[in-house]
Amino acid sequence: MTGLVYKSTGSWYTVKSEKGDFIECRMKGKFRMKGIKSTNPIAVGDIVDYELEETSDAVTGTIYNIHERKNYIVRKSVNLSKQIHIIASNIDQVFLLITIDNPPTTTSFIDRFLVTAEAYGIEAILIFNKIDTLNEQTLDDQLYLQHIYTEIGYKCLRISSTENKGVDQLKEMMIGKVSMFSGHSGVGKSTLVNAMEPSLHLKTTVISEQSKQGQHTTTFAEMYDLSFDARIIDTPGIKGFGIVDMEPSEISGYFPEFFKLKDQCKFNNCLHKEEPHCAIKAALEKDEIAWSRYNSYLKILEGDDEHYRTDTYGEDRAASDETRK
């Protein structure tokens, strides 16, 4: 029998059968995924083959095969940095929820997420959430960020779940697709999903005023069927988003605005740092590429996993203004 994994709690997997029934399944023995050192061999979104096992208590299943994945998205495992954790698979699009200061979302975090989505071939769409809470300064920051990413070619939406602004537009983009929602804890993922589908009653979080960070409410990724012919994967809030398995020469290819110019660099192995006649550095000096994006690129290139949570685009704008003087 074949089904779709809707939830994973580590040892048990909730699988939806082709008939629409949900069955709790376990994994048969040890799976060895080709070339993937993963802490979780089976992920939400996987299509699996399973056998039913009937006991006096309940009907459960044993998963014995995973179908080939169209794509998947990963982060470094929290405890074992050499290993990865597959967040979800077979995704049509991923929405990254961004809040300006409640809690703050840094450009480094956004760019790491976009690079990972580009690398795994998943369309990423940016949602600027909680727009009803913006003041004059944070509105300016939000529009500045939206301008940067729209210019690159990313779709951006402005949403307020509490005032129902932009929610219908989002629903239209989701029809017939599997969408994943991601972002820091506290950016309003669960509140937004509840606004689209009130019957789900996802748990929402309260922002801690001291740290301006949300408390985790979603602990495992889970897929939900929505009433308007859409599926969503709700993921745990991700504080850090490590870049996995990329060669230095590959990274600029996942920045679309760098990729367009790469061929114009004098050296075909140009890493866009100190090399002469670099088209990307030239575009940067003319302000045709955002400094925040270039800073993110350098951090990823240097494997700087420690500092990307603390940087904010305010500093990047100051750096950009300084260079233009």
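Overview of results
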read-out: First in region 254-273 and within 24 Å of Ala124 (Cβ to Cβ), second anywhere and modelled with pLDDT under 95 and loosely packed, with under 12 Cβ neighbours inside 10 Å, Cβ under 9 Å, 6 or more apart; value: Lys262/Asn268
read-out: Selected residue (only one of Leu192, Leu126, Leu143 is assigned to a helix (DSSP H, G or I) and either small (Gly, Ala, Ser) or modelled with pLDDT of 95 or more (or both)); value: Leu143
read-out: Residue match in region 58-69 (condition: out of contact with any strand residue (DSSP E or B) (no Cβ under 7 Å at 6 or more places or on another chain), open to solvent by less than 30 Å² (accessible area, probe 1.4 Å) and modelled with pLDDT under 90); value: no
read-out: Qualifying residue in region 146-153 (condition: surrounded by fewer than 22 Cβ atoms within 10 Å (Cβ to Cβ), among the β-branched types (Val, Ile, Thr) and touching a helix residue (DSSP H, G or I) at 6+ places or on another chain (Cβ under 6 Å)); value: yes
read-out: Qualifying residue in region 132-145 (condition: within 19 Å of Leu114 (Cα to Cα) and open to solvent by 40 Å² or more (accessible area, probe 1.4 Å)); value: yes
read-out: Tabulated pairs, region 152-173, first closer than 19 Å to Asp92 by Cβ, second of a type in the set (Asp, Glu) and not in a helix (DSSP H, G or I), C-beta under 9 angstrom, 6+ apart or interchain; value: Lys155/Glu123
read-out: Verdict on Met174 being in the same structural domain as Arg158 (by the TED database), modelled with pLDDT of 80 or more and either over 21 Å from Asp111 (Cα atoms) or among the hydroxyl-bearing types (Ser, Thr, Tyr) (or both); value: yes
read-out: Failed item in (1) at pLDDT 95 or above; (2) closer than 25 Å to Glu247 by Cα; (3) not small (Gly, Ala, Ser), with Lys155 passing the rest; value: (2)
read-out: Given (1) modelled with pLDDT under 75; (2) over 19 Å from Asn40 (Cβ atoms); (3) crowded, with 19+ Cβ neighbours inside 10 Å, index of the condition Thr235 fails; value: (2)
read-out: So Thr312, is it within 27 Å of Asn90 (Cα to Cα), at pLDDT below 95 and not aromatic (Phe, Trp, Tyr); value: no
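Results for (1) open to solvent by 10 Å² or more (accessible area, probe 1.4 Å); (2) modelled with pLDDT of 95 or more; (3) of a type in the set (S, T, N, Q); (4) touching a Gly at 6+ places or on another chain (Cβ under 6 Å), shown as yes or no for each residue.
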position	(1), (2), (3), (4)
Met27	yes, no, no, no
Lys37	yes, no, no, no
Leu97	no, no, no, yes
Ser108	no, no, yes, no
Phe113	no, no, no, no
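The values are calculated or read from the model by the stated rules, or taken from the named source; none is laboratory data. Because the structure is a prediction, the values reported are computed rather than measured. When we count neighbours, we look across all protein chains shown, and the Cβ atoms used for this are built from the backbone with ideal geometry, even at glycine. Accessible surface is based on the protein model in full, side chains and every heavy atom, while ligands, DNA and RNA are left aside. Shrake-Rupley method; radii C 1.70, N 1.55, O 1.52, S 1.80 Å.
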